[in-house]
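Read-outs: derived from the displayed coordinates by stated rules, not from any lab. The structure presented is a predicted model; accordingly, all values stated were derived computationally and were not measured. As a convention, Cβ positions derive from the backbone with ideal geometry for all residues, glycine included, and neighbour counts pool all protein chains shown.
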Amino acid sequence: MKKTGYAVLTALILILACSCGTAEASRDFFAMDTIVSVKAYGSHSEEAVNSAANRINELEHLFSVTDSSSDIALLNSSGSAKVSDDTAQVIFAALELCGKTDGALDITIYPVLREWGFTTAENHVPSDAELAAALAKTGYERVTLNENTVTLPEGYMLDLGSCAKGYAGSEMIAGISEFGITSALVNLGGNVQALGAKPDGSDWTVGIADPFAPENLLGTIGVRDKAVITSGGYQRYFTDDSGNVYIHILDPKSGRPADSGLASVTVIGDDGLMCDALSTALFVMGKERAVGYWHENGGFDMILVTNDRRIFITEGISEKYTDRSGLPAEIIYE
């Protein structure tokens, strides 16, 4: 019998320790297929938290591939549709990153994901013929975006799962700040985004799960005004009758689970969508290409964990990282 596995912990574990007297509001709820936690500090914090919850629910309705009335579902069923400003903005940014990563990110991968059953919970190892047929319906280069009208070739389908949570987190933070809040935190099942610092002026402390023992911490990092997003093969996978493990992060070129030598990738940056998308793309690339991409493009920090149990940390975040794993770590310099 096939078994499906999920990490005991989410990709990131939020560690909060604030006992100050600042007014606080918090809310936990389910959205985008995960548990969402929102905390805000200051006057109007209750209104800000409720506004953030409304915003992510609005975005989920636009982006969901399973909601038949969503922008994405309507586009996938018709092949062409005029979408909302939010959807158009996400598709535009995602397509740019698809190009910059040379297809390591590809938002047209949905037909292949369906073949593996990662979107239906009916896991299945596709045959070579099935994979080839699904791959023939992918290729981000063939997506046309003209203002808010998106057009797909016949049989193509989009999936914004690689960047939707990152965009939603940034939008929630932006909405919270409109209430005059300067200290808040959003956690979308491990996708963490911080507004400012903690009320006492110290960094938010975010824990990164150990990909080899997800119930434990690899380490923690201190951040403010940043998104911290991790992708790893341990987060979602299934095992076939022969004991072979198949992770949900697919290489868009082969259509098979990425076998890049990486166990997890954490991206830290200002923009949630970029961090979300790059955490997937860099995982597909593998260490050498990921480091090359960072050198060439910059604009973010990252923590790479390799399958041979080594940690590589870019210099910009290295002093904010506290190890909990005992694994050897190396700083990547510019």
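Before moving on, here are some points about what is shown:
- GNM flexibility winner over the chain from F312, F63, F29 (Cα, springs under 10 Å): F29
- Net charge of Cβ neighbours under 10 Å - reference A104; Lys, Arg +1; Asp, Glu -1: 0
- The stretch 98-253 - Rg over Rh from alpha carbon coordinates, Kirkwood radius: 1.04
- The charge dipole of the chain, taken about the Cα centre with unit charges on the Cβ atoms of Lys, Arg (+1) and Asp, Glu (-1), comes to about 480 debye, rounded to the nearest 20.
- Positive minus negative residues near I313 (Lys, Arg vs Asp, Glu; Cβ under 10 Å): -4
- Computed from point charges on the beta carbon alone (+1 for Lys and Arg, -1 for Asp and Glu), the dipole magnitude for the stretch 23-65 about its Cα centre is near 60 Debye.
- Computed across the stretch 212-334, the Kirkwood radius stands at 14.9 Å (inverse of mean 1/r, all Cα pairs).
- Backbone HN-Hα couplings from phi across the stretch 185-190 [Karplus 6.51/-1.76/1.60, Hz, Gly and Pro as x]: 9, 10, 10, 9, x, x
- Of the trypsin sites (Lys or Arg not before Pro) in the stretch 167-241, the ones in a loop by DSSP (not H, G, I, E or B) with at most 15 other beta carbons within 10 Å are R224.
- Mean separation of Cα contacts under 8 Å, 6 or more apart, over the residue count of the chain: relative contact order %: 20 percent
- Packing here is the average count of other Cβ atoms within 10 Å per residue, and on that basis the peptides 117-128, 284-295, highest first, run 284-295, 117-128.
- Computed label-point distance, nm, for sites D85 and H295 using a 7 Å Cα→Cβ extension: 4.1 nm
- Here the residues T151, T138, ranked from fewest to most Cβ neighbours within 10 Å of their Cβ, fall in the order T151, T138.
- Between I35 and G189, the built amide H atoms are under 5 Å apart, and every one of these is 5 or more places off in sequence or on another chain.
- Convex hull volume of the Cα atoms of the chain, normalised per residue: 130 Å³.
- Ranked I317, I208, criterion: other C-beta atoms within 10 Å, fewest first: I317, I208
- Near E47: Cβ cut-off under 12 Å, other residues only, Lys/Arg at +1 and Asp/Glu at -1. The net charge is -1.
- Nonlocal amide H pairs with L262, under 5 Å, H built at 1.01 Å: N307
- All lysines inside 27 Å of K39 as judged from Cα atoms, apart from same-chain residues fewer than 8 positions distant: K165, K198, K226, K320
- Here, P(r) means the percent of Cα pairs in each 5 Å bin from 0 to the largest distance; for the stretch 128-216 it is 2, 10, 13, 13, 13, 11, 12, 11, 8, 4, 2, 0.
- Each of V192, A81, N54 was scored by the projection of its Cα onto the charge dipole of the chain, and the greatest displacement toward the positive side belongs to V192; charges sit on the C-beta of Lys, Arg, Asp and Glu.
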